[in-house]
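Participant: Just dropping this structure here.
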Amino acid sequence: MIVLRLNHQQRDFLQTVVDRDAHLGDIGDLVRAALRDAPAHVPSGETPPARREPPRRTPVRRHLLEPGTGKAFEVDAGQVIRISQIAGHQCVDLNVFSRRDGRERLHVGRTRGMQGQRPGPGDVLWSNAPWERPIMAIAGGTATTDTRFPFCSRLIYSAFFGLHNRTNCEEIQNEAQREYGLSPWDIHESLNLFMHTGTGPGGEAVIRRNRARPGDHIEFVALLDLLVVPNVCGDDVTNCSNFGMRQVAVTIEQGRPADAELARTARNRAAILGLPPAREVPGARPLRRDPGFVPAFPHLPLRRADVPVEVGEALTHRFTRARNLDLYAADDDALRDITLSWAIERLGAFTGNG
Ligand SMILES: [Zn+2]
């Protein structure tokens, strides 16, 4: 007997696959089929890069983002916001707005056009037209980034998974942004943090298993007074966050002279391209905190929904050979990966969503 550790949304997903597949009577059948088909894991043999600690600065505030939530943070020009892994494996979506005028916000498409598909340390993030200027610079860190995949939304889970009621970045962002009077239509394309993307055989963008490790982080220095809204990606059924949702740490600190220098350099490099003259846009919409705001994130709490499964000696042996020891220290995580990966393939589901 083994136990497949799930939350209720993951179990709902497996049940949808069972319901559609005449060969499967229950989730136990699905787990056994997944184990039978699981190829032996080939160790990568790679040594992970040495861990780099962030520099020491004066802290302003620290917050733990819980699974299924996000939060809007005021980050003043010159301050640094750091988003860090705790357990690893967690994709984070990011929205950014100017506090002086919430109509000015991060434009991920423009950022991709100016900085490439995966902006990194020293690159700037660009705002939308008619402002079109650098609003943050990436000050450092070890995170991968992605600008190609749109946030996961109600549509993605309905269209590709047949799931209609579950955590998703769209609704998490909506709720987090509501604290500052932003509406559901204010959400913009997310900058995807700690997402591991690559190119598939047909040249298409694909999402691979998450490689973020404990302590991996990314730091941004604000170039204007900003509202920065990270959220723990609501996807716990694909490899985007390795089939789970985990806590993430957010730290805001006073910038050091070195951060100011990095911001200046990044901004100057952008300005050399020839920035359009600044334009006054009438009707500014300053963002202010709603003092009465009480967060109410939908689809929470996540409930435990473990499934005990009878497996014989042969399948237990198979599992021992198939579990991905490069990624997972715990058998629970490895088993969930094997099972959910198999279920997605069975469903013929498209997994390309952030
Ligand atoms: Zn997401």
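Participant: Give me the one-decimal nm value for the distance between modelled label points at SER183 and ALA40, 7 Å along each residue's Cα-to-Cβ direction.
Facilitator: 6.0 nm
Participant: What are the residues whose amide H is under 5 Å from the amide H of LEU226, where those residues sit 5 or more places off or on another chain and H is modelled from the backbone?
Facilitator: VAL75, ASP76, ALA77, ARG99
Participant: Output ³J(HN,Hα) for region 124-129: one whole-Hz value per residue in order, computed from phi by the Karplus curve 6.51 cos²θ - 1.76 cosθ + 1.60 with θ = phi - 60°, and x for Gly and Pro.
Facilitator: 10, 9, 9, 9, 7, 6
Participant: Calculate the spin-label point distance for ALA129 paired with GLU345, positioning each point 7 Å from the Cα along the beta-carbon direction, and give it in nanometres.
Facilitator: Calculated label separation equals 4.5 nm.
Participant: Are there GluC sites (Glu not before Pro) in region 200-302 that DSSP marks as loop and that have at most 14 other Cβ atoms within 10 Å, and which are they?
Facilitator: Those that pass, being in a loop and sparsely packed, are GLU204, GLU280.
Participant: Please list, in order along region 138-151, the HN-Hα scalar couplings obtained from phi with the Karplus expression 6.51 cos²θ - 1.76 cosθ + 1.60 (θ = phi - 60°), rounded to whole Hz, x for Gly and Pro.
Facilitator: 7, 8, x, x, 10, 7, 7, 10, 8, 10, 9, 9, x, 4
Participant: Amide H of ARG211 versus every other amide H placed in the peptide plane: which residues, excluding those fewer than 5 positions away on the same chain, fall under 5 Å?
Facilitator: Under 5 Å from the amide H of ARG211: HIS196.
Participant: How much accessible area per residue does region 209-274 have, in Å², with a 1.4 Å probe?
Facilitator: Per-residue value: 33 Å².
Participant: Dipole of region 59-272 (Lys/Arg Cβ +1, Asp/Glu Cβ -1, origin at the Cα centre): which of ALA87, HIS188, GLN247 lies farthest to the positive side?
Facilitator: Sorting the options by dipole projection puts first ALA87.
Participant: Taking the Cβ of VAL311 as the center, what net charge do the other residues with Cβ under 11 Å away carry, scoring Lys and Arg +1 and Asp and Glu -1?
Facilitator: Net of charged neighbours comes to +1.
Participant: Mind running the shape call on region 1-148? Use the C-alpha gyration tensor, a ≥ b ≥ c as the square roots of the eigenvalues: rounded below 1.5 for a/c, prolate if a/b tops b/c, oblate otherwise.
Facilitator: Because a/c hits 1.5 or more and a/b exceeds b/c, region 1-148 counts as prolate.
Participant: Rounded to whole Å, give me the distance from the Cα center of region 36-55 to that of region 114-186.
Facilitator: 27 Å
Participant: Now for a separate question. May I ask you to list the residues of region 212-235 whose amide nitrogen lies under 17 Å from a point 7 Å from Cα along the Cα→beta-carbon direction of THR58?
Facilitator: 222
Participant: Determine ³J(HN,Hα), in whole Hz, for all residues of region 193-205 in sequence, where each value follows from phi through the Karplus function 6.51 cos²θ - 1.76 cosθ + 1.60 and θ = phi - 60°; x replaces Gly and Pro.
Facilitator: Once rounded to whole Hz, the list reads 9, 6, 9, 9, 10, x, 10, x, x, x, x, 7, 6.
Participant: Please check: in the Gaussian network model of the chain (C-alpha springs, under 10 Å), which one of THR316, THR197, THR69 has the largest mean-square fluctuation.
Facilitator: THR316
Participant: Right, here's the next one. Running a GNM on the chain with Cα contacts under 10 Å, which residue among ALA263, ALA322, ALA278 ends up with the highest mean-square fluctuation?
Facilitator: Of ALA263, ALA322, ALA278, the Gaussian network model singles out ALA278 as fluctuating most.
Participant: Quick one: divide the alpha-carbon radius of gyration of the chain by 2.2 N^0.38 Å and tell me what you get.
Facilitator: Dividing the Cα radius of gyration by 2.2 N^0.38 Å gives 1.04.
Participant: For a test of the definition: using alpha carbon positions, the gyration tensor, and the 1.5 limit on a/c, classify region 232-308 as rounded, prolate or oblate.
Facilitator: Verdict is prolate for region 232-308.
Participant: In addition: How fast does region 165-296 diffuse by Stokes-Einstein, in µm²/s, taking the Kirkwood radius from C-alpha pairs at 37 °C and 0.692 mPa s?
Facilitator: Answer from the Stokes-Einstein relation: 179 µm²/s.
Participant: Let me spell out the model: positive unit charges on the Cβ of Lys and Arg, negative unit charges on the Cβ of Asp and Glu, origin at the Cα centre of region 59-272. What dipole size does that give, in debye rounded to 20?
Facilitator: The dipole magnitude comes to about 380 debye.
Participant: Quick one: if you stick a label point 7 Å off each Cα along the C-beta vector at ALA87 and GLU261, how many nm between them?
Facilitator: For the pair ALA87/GLU261, the computed spacing is 4.0 nm.
Participant: Related question: How much FRET efficiency would the formula 1/(1 + (r/R0)^6) give for LEU273 and HIS8, where r is the Cβ-Cβ distance and R0 is 41 Å, rounded to 0.05?
Facilitator: 0.25
Participant: Considering amide H positions built from the backbone, and no H for Pro or chain starts, which residues 5 or more places from MET136, or on another chain, come under 5 Å of its amide H?
Facilitator: Distant-sequence amide H within range of MET136: LEU125, LEU223.
Participant: Using helices alone, I'd like the mean residue ellipticity at 222 nm for the chain: each DSSP H run of four-plus residues gives -39500 (n - 2.57), total over residue count, nearest 500.
Facilitator: The per-residue figure over the chain is -8000 deg cm²/dmol.
The values are calculated or read from the model by the stated rules, or taken from the named source; none is laboratory data. From a predicted model like this one, the values you see are computed outputs, not experimental measurements. Cβ sites come from the backbone with ideal geometry, for glycine too, and all protein chains shown count toward neighbours. Just the protein is used for accessible areas: all its heavy atoms, side chains included, with ligands, DNA and RNA removed. Shrake-Rupley method; radii C 1.70, N 1.55, O 1.52, S 1.80 Å.
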